[in-house]
1. Among DSSP bridges having both ends in the chain, what percentage is antiparallel? Round to the nearest 5.
2. Neighbouring Cβ atoms within 10 Å as the yardstick, rank TRP60, TRP77 fewest first.
3. With angles folded into 0 to 90 degrees, how steeply does helix 16-31 sit against the dominant principal axis of the chain? Use alpha carbons for both and round to 10.
4. Reachable aspartates and glutamates from LYS65, Cα under 18 Å, same-chain residues fewer than 8 places away excluded?
5. Given a Förster radius of 41 Å and the C-beta distance between MET78 and ARG23 as r, what FRET efficiency does 1/(1 + (r/R0)^6) yield to the nearest 0.05?
6. Give the angle, between 0 and 90 degrees and rounded to the nearest 10, that separates the Cα long axis of helix 127-149 from the longest principal axis of the Cα atoms of the chain.
7. What does the extension gain come out to for LYS131 and ARG46, with contour length at 0.36 nm per residue minus their alpha carbon separation?
8. Normalised by the empirical 2.2 N^0.38 Å for globular proteins, what value does the Cα Rg of the chain take?
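Derivation of every value follows stated rules applied to the coordinates shown; laboratory data play no part. A quick note: this is a predicted structure, and the numbers were derived from the prediction, not measured. When we count neighbours, we look across all protein chains shown, and the Cβ atoms used for this are built from the backbone with ideal geometry, even at glycine.
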Amino acid sequence: MQMHVIQLPVDGRQSETAFAVARGTGRLLLSLGFYCVSELPLPSGRRADIVAVNDRGGIWIVEIKSSVADFRADQKWMDYRLHCDRLFFATTMDVPCDIFPPDTGLIVADAFGADMKCDAPEHRLPAATRKGMLLRFGQTAAMRLQALSDPTGPYQIDR
């Protein structure tokens with residue numbers, strides 16, 4: 001039996017460090033029963049670094065910050081609370097943990113794995129928002145898979 005490996009296209013929006021943090025964070029989330037979609041466009045027009053969904057429909061958003069400067073330059077993460085049950089930051093061991101807001105979770109990661117340093121408080125989404133996010137998550141994941149199997153097809157991956 002021949003095994004086919006699908007080579008994902010390089011995103012280009014992430015630094016090498018952010019990509020490594022995303023990879024390790026994805027491994028941690030999978031071990032916790034969550035499935036991830038990266039760079040998911042949100043209804044607000046923002047784009048979440050990682051959106052994770054579990055089998056009960058729980059939705060977490062993880063915002064990746066690869067440096068102190070990256071964190072200080074970007075305050076759009078506050079809008080992400082409207083689209084998830086829990087909001088986390090993920091970063092490297094080189095970034096001091098005390099710069100992150102205390103009302104968010106914190107994950108420290110590298111390319112091979114991650115540790116949850118602080119759990120995020122839960123703020124349950126309204127049912128209509130949850131349904132919209134779950135549909136967006138599923139449709140985006142399906143479209144990306146379809147585009148991988150048919151790279152010349154008419155697929156618009158980003159909303």
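1. On the way: 16 of 25 bridges.
Percentage antiparallel, nearest 5: 65.
2. The order, fewest Cβ neighbours first, is TRP77, TRP60.
3. 90
4. ASP11, GLU16, GLU39, ASP49, ASP74, ASP79, ASP94, ASP98, ASP103, ASP110, ASP115, ASP119
5. On the way: r = 25 Å, r/R0 = 0.62.
Rounded to the nearest 0.05, the efficiency is 0.95.
6. 50
7. Full-extension gain reported as 28.8 nm.
8. The value comes to 1.04.
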